[in-house]
Structures are given as C-alpha cells and as structure tokens.
Amino acid sequence: MLAAEAIKAPPAILARLKKLGVLRGDDLVLHLPMRYEDETQVAPIAQAPAGVPAQVEARVIDVSVQFRPRRQLVVRVEDESGDLVLRFLNFYGSQTKQLERARDDGRKLRLFGEIRPGFLGAEMVHPRYRVVGDNEALPQALTPVYPTTAGLSQNVLRKLIAPALAQADLSELLDARWCHAQALPAFDEAVQLLHAPPPGVPEAALQQRTHPAWRRIKFDEILAQQLSLRRAYLARRQQGAVPLRAAGMLARRLLASLPFKLTGAQRRVIAEISADLTQPCPMQRLLQGDVGSGKTIVAALAACQAIEAGYQVAFMAPTEILAEQHYLKLRGWFAPLGIEVGWLTGSLKKAAKQAVQLQVAGSAQLIVGTHALIQEGVDFARLGLAIVDEQHRFGVAQRLELRKKGVKSADALPPHQLMMSATPIPRTLAMSYYADLDVSVLDELPPGRRPIRTKLVADSRRAEVIARVRGAISAGRQAYWVCPLIEESEKLQLQTALETHAALSAELSDLRIGLVHGRLKIDEKAAAMAAFAAGQCDVLVATTVIEVGVDVPNASLMVIEHAERFGLSQLHQLRGRVGRGAHDSVCVLLYQGPLSETARSRLKIIFENTDGFEIARQDLHLRGPGEFVGSRQSGVPLLRYADLESDADLVELARAMAEQLLREAPEGVRLHLTRWLGSREDLLKA
C-alpha cells in the first residue's frame, strides 16, 4: 500500500495542492510530469540552438538596472564561445546583489532558457539560473515539469514529491507475468522512470506519452476507473427493487394507436429494458441512439410496463423546453388510453404547482418535468420507474435525488432508472465512463429516412439562401429557420428571433411565416408547432426549442443561422429535424466569418459526416471527455493520463482485468483503488 499519510507542508501549500487534487502522499507519487527539460548537458553559448530551451554556463561580466523603456535588470554573461544578455523584467534587490556577488567572485551561472535575438544581441528573458562551482556535476536525469497552480513553484513540488517517492510502497499489485506478456513494465519501475528519466530514454516517447512506462501508468489509471465503476454497479445489483411485471396490454394498445411500426433495434432494446424491469434489483440502463432513432417511444413503452404493474413513472428532462416537448408527445399518446399525465416545472404558479403535487402524491401515473421533480414537497405515491433524458446534463446528486423520491422509508425499495442520451457516445467513452451502467444502443433509423445534404454558406450569400427557401415552398415543402445561439442572454436570443421573424416576413411577404421560442406559453408553443405540422405555416422561425422531439415529414429545408456558434451535437440534432419524409432534404449552415480554428473544425466535421456516432467520435477528439460526460464527472474519476482515442486497446484490457480481479482478488481491488482514488471512490456510490 502506498504512503497514505497526510502531506507535511504549510497550510498555504496544502491549499494549493488541494486545487490540484493532491491530498495524500499517494497523490504526490502519482502527480506525474507533464513534460521534461534536459539539464543533463551544457551547450556553448555560440552553439546553443535558438528558439528552444537550452542550458549554458557562463561568468557574469556586468550587472545593471536600466529604466528605459521600462525598469529592468540586465545582466551580461560570457563563456569561451561568446556572450549573452539576460533580461529580468520583474526582479528584487536581493537578486541584483546575488548576481553582483557572482560577478565579483568570478562564479559561474548555470542558465536554462530560450535564446532569442535581442537589441543587444542574443538574449534570454527570465532564464532559470543558479550559481554553481567549477566542474559541478550535471543532473543524471531529465528535469520533470509538473502540472501546478498559482503560488506553487516547480521547486516546491519537487521537494515534496522526492520524499513521498522515497517512502512510498510501490509494490506490484498485478500479476507480473501477465504484465510482461502485455509489454507493461513493473509499477515501481514505471513510476521511478517517469519522475526521473535516466540518460538515454527517448525524450519524444516521454513527451508523447508512448513510452512503456506511460503505458503502464495509463493502464493502471483506467483499471482503477473500471474497478470503481464496476464495483458500484455490482453494489447496486445487491440492492432490492420491485419487479415490474405486466401482461403487456397497455403497451399493445399504445403500439396499435401509433402511425408507425417499431424498428428491429427498438424491439431489441425494449426487450432488454423489459427484462431488466422484471428483476428484483434496480435497473440502471443507459439508452442511446442517433437523431430520429426513436428513443421516446422506447421510454414510453417502458413506462407502460411500470404503469400496468401499478406504479408511477417520473420523466425528467434538463430544460423546460425539452420537458414541454416530451409532455406534449406523451400526453398525446397516453391520454387517449386513459392514463393521467402530470406536468411539473419551476415556472408553474404556486396554486398550479400545489395541484400537481397532489396529483403526484395520488392519482397521476406519469409525471413529466424538470428539476422541479426533485424539489422538496414533491412526494410520489408509488414511484417504480425514473426516466432521465439527456442524462449527461444532470449531476450524480440530482439523479440520486430522483431515485430517493421513490424511497419513503428505510425499508422501501428504490425505483428502476432509465437514462437516455440523444448524443451518441463513442464506444471507448461508453466503456470507460459508463462502465457502471448497462447500455442499450438504437443503431437503426426508421425506414424511409432519406439522407440529408449539408451545405456551408457564408452570410454574405444570404439572399441566395432566402431564394432557396422560396423555391422549397414553391415545390410544396416547408422550411425551418433557426436563429443564432446566444448563450449569454435568453433575452437577446428572443430579440434576435423576433427580428429574424420580422425580416423574413418582409422579404417573403407572400409566405406564411411562423415563430416559436422559449418564452411562449406551453399552449402557444404547441399551437405554433401544430400549425406548422398541419401545413398551415410555410417557414417556422425558431430558437433551439426545435432541437429535439419535432417531427414534420413535409419540412425538407433547414437553415441554421450563425452555425459557427453551435456545438456539433446541437448542429446534428437540429439537422435531424428534416429528412423525415419522402423528399430530398437540405440543411444550410449559414456562417459568419472570420471563423476560429475550432469553429472551422466543427463545421468541417458536420459537413462531411451524417453518422451521429462518427460525429461524436470526432467531437470527443476536439473537446476531450470532460465536456462529453458533463455533470456526470462529479461522480466519476476522470482520466488524467490516458487518452481514449490512442489508448483504446488499454480500455479493453482494463475492462477484462477489472472483471477478473473483482471475481478473484477482492483485496487486490481494494489496494489498487486505495492507491489511485483513496476515499474519493465514495463519490461513485451515488
């Protein structure tokens, strides 16, 4: 076991270490360098490479404080090959005196920094330096540069890490023969090498983290994540839950009322969920699928099973707009079947909210809402199934609160939980960050979905886009015009939508231009959408309220204004609103230049790809996993060293090893988790 004792340091240093997630001696040992500097050799000044960090040794020949163009300390040094100017823009009097003493004593400075051309010749600005004696030995290892925070110097970190490393128990916790077969070095060997790489270690392999020592560390890190998530999964399987068994009559009635047939993927996923719901342990399943793959009807059929078994269903969405869309669709499906559907959101007035709370505590069988579902005063009579849409936008604590709503007493059983994501999750991300869940994938689109052509058009060609809209309407089709995303201000976004509606109404005065935005009341929004769906409106100007849940087969043209402001997931979701009928469909991404590098990359990806999983994979590459997993990260150990794209093979290895260790070596599991997570594994119990 590693040294788990507290770090001995002043409170101010401990506070800064805490910002880095360094709380114990174990954490110091695993606080690994982000890069290295080569101080194992000295170059003559005249031969030192320009523009890259280099180390030289030289004697001080002049020290002066200059005041133009600003106050600065200028030091001239020389060796046998030439001279060099050192420039310090921030300095102390003690520093000046130290350098003057070195000049007077004829002592050398060992300098590390980047040599650049300057006004007085070659110079180093703010080099790292120290006074050395003649023939003082050079370091025998590359100098590590650690991730740090303001007020925590590299020297302080090195002085803390060295004793922690010396005292740590770096014993091997995995089978040494297996590690050797996988070309993974011993753990202690890997850690020691990364903190102090000996001469001859390929520096490029260290910097790019492809060296076998890095591979071992990455594997152990992924293994810790897999072990903690799978252990949390197994612990939940030990909990009790009410088996939701039903004859399936309600589901058959719902299916008979629908104007479409289920896909093979939907039938497969429904069978997986239905089997889970009949188990005496709580379902914890993630349902993911591409735009238009039909997740909502799958959730509705799961709700049928719970309702027919005599239990309530809560359906929670992260925004009021999305919750409203689900409410309207589910009410349309369930009300004709005699199922009471409730609606609860924070914007309801007090009397309306109290009335819904009474429904929740009594007769309502399906309750749709936002975070308001987990507020105090909302008490379910018999909650059997909790459905969470866009689950990555909720934190662990929020999902736990919804589960708790079904547990009224110490002996009450928790509800089953189905989480949904309209953002396809790349396989390696699902294997690493969602290892505590069962995952179902809708990998088939309903028949008749036609491919959507995507066009990138500069805002300067706006008149051509408006002409294209007119052409689509003349051909008997309909169009969406999505207004720019303005994250800072909902008010500004509303204003932009109103202005866009007015401008298009003027330019297309012979057409029927509708408007829908987040500030409309639920019935007004429903009326606007119903008019568009019925063909009574030619062009629908909208904010991102139409991102999900809107299905108008006759709409064949989508214009997204200021497309560079949207994320890939949103662009893909919006584009999925067209291509739902038998007609060729086009999505026009209207952008305003000049584009940032990130915006250019996003637009290129969405232009070249229609597969949501491929878009998600490239989005992961652009953004990294932190943003992808969203609020979930508050309860999942994020990977510091492993890269899910380049280290996908390690994820597979760690997944298999985690299952084996959990079966055969519980003590090894405990030691490995203590080494990597300490008490932080408690977060996963949510």
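Among the residues of the range 170-180, the one identified as among the hydrophobic types (A, V, I, L, M, F, W, C) and surrounded by fewer than 12 Cβ atoms within 10 Å (Cβ to Cβ) is 176.
Taken over the range 603-617, the criterion of being in contact (Cβ under 8 Å) with a residue 40 or more places away in the chain and assigned to a helix (DSSP H, G or I) is satisfied by 603, 606, 607, 612, 613, 615, 616, 617. Return yes or no: is residue 213 farther than 30 Å from residue 282 by Cβ and at pLDDT 95 or above? Yes, satisfied.
Could you tell me which residue of the range 561-585 is surrounded by the fewest Cβ atoms within 10 Å (Cβ to Cβ), considering only residues that are in a helix (DSSP H, G or I) and not aliphatic (A, V, I, L, M)? Only one residue fits best here, namely 565.
Taking each residue of the range 503-523 that is touching a residue at least 24 places away in the same chain (Cβ under 8 Å) and looking for partners that are exposed (fewer than 14 other Cβ atoms within 10 Å of the Cβ) with beta-carbon atoms closer than 8 Å, six or more apart or interchain, yields 512/536; 518/490; 519/490.
When the range 291-329 is filtered for residues that are among the hydrophobic types (A, V, I, L, M, F, W, C) and in contact with a Lys or Arg (Cβ under 8 Å, 6 or more places away or on another chain), the ones remaining, listed by number, are 291, 309, 314.
Going by the structure shown, is residue 112 modelled with pLDDT under 95 and out of contact with any helix residue (DSSP H, G or I) (no Cβ under 9 Å at 6 or more places or on another chain)?
Details: modelled with pLDDT under 95: no; out of contact with any helix residue (DSSP H, G or I) (no Cβ under 9 Å at 6 or more places or on another chain): yes.
So residue 112 does not fit the description; no.
Those residues that are in a strand (DSSP E or B), under 19 Å from residue 318 (Cα atoms) and in contact (Cβ under 8 Å) with a residue 60 or more places away in the chain, I need them from the range 344-395; list them, please. Spell out the reasoning first.
From the range 344-395, those in a strand (DSSP E or B) are 344, 366-369, 383-388; that's our starting set.
The next check asks that each one be under 19 Å from residue 318 (Cα atoms); those that pass are 344, 366-369, 385-388.
Passing the criteria: 366, 385, 386, 387, 388.
Evaluating residue 158 against the criteria (1) surrounded by 14 or more Cβ atoms within 10 Å (Cβ to Cβ); (2) not in a helix (DSSP H, G or I) leaves one unmet condition, (2).
For the range 614-629, how many residues meet the condition of being buried (at least 17 other Cβ atoms within 10 Å of the Cβ) and either at pLDDT below 85 or not hydrophobic (A, V, I, L, M, F, W, C) (or both)?
Pass one, the range 614-629, residues buried (at least 17 other Cβ atoms within 10 Å of the Cβ): 615-620, 625, 628-629.
Applying the additional criterion that residues be either at pLDDT below 85 or not hydrophobic (A, V, I, L, M, F, W, C) (or both) yields 616-620, 625, 628-629.
Total satisfying the criteria: 8.
In this structure, is residue 309 modelled with pLDDT of 95 or more, closer than 25 Å to residue 260 by Cα and not aromatic (Phe, Trp, Tyr)? Taking the combined requirement at face value, the residue does not satisfy it. In this structure, does residue 315 turn out to be farther than 17 Å from residue 442 by Cβ, under 28 Å from the mean Cα position of the chain (by Cα), in the same structural domain as residue 381 (by TED's automatic domain parsing) and touching a residue at least 60 places away in the same chain (Cβ under 8 Å)? When the stated conditions are applied, residue 315 passes them. All told, residue 545 meets the bar of being among the aliphatic types (A, V, I, L, M), in contact with a His (Cβ under 7 Å, 6 or more places away or on another chain) and surrounded by 19 or more Cβ atoms within 10 Å (Cβ to Cβ). Restricting 417, 359, 354 to residues that are more than 17 Å from the chain's Cα centre (by Cα), under 21 Å from residue 272 (Cα atoms) and at pLDDT 85 or above narrows the list to 417.
Scanning the range 561-589 for residues that are in contact with a helix residue (DSSP H, G or I) (Cβ under 6 Å, 6 or more places away or on another chain) and within 12 Å of residue 479 (Cα to Cα) turns up 577, 587, 588.
When you scan the range 212-224, how many residues do you find that are farther than 16 Å from residue 26 by Cβ and in contact (Cβ under 8 Å) with a residue 40 or more places away in the chain? Step through it out loud before you land on a result.
Keep residues of the range 212-224 that are farther than 16 Å from residue 26 by Cβ, which gives 212-216, 218-219, 222.
Next cut, in contact (Cβ under 8 Å) with a residue 40 or more places away in the chain only: 214-215, 218-219, 222.
The number of residues fulfilling the criteria is 5.
The values are calculated or read from the model by the stated rules, or taken from the named source; none is laboratory data. Every value quoted in this text rests on a predicted model; they were computed, and no experiment measured them. We place every Cβ from the backbone using ideal geometry, glycine too, and count neighbours over all the protein chains shown.
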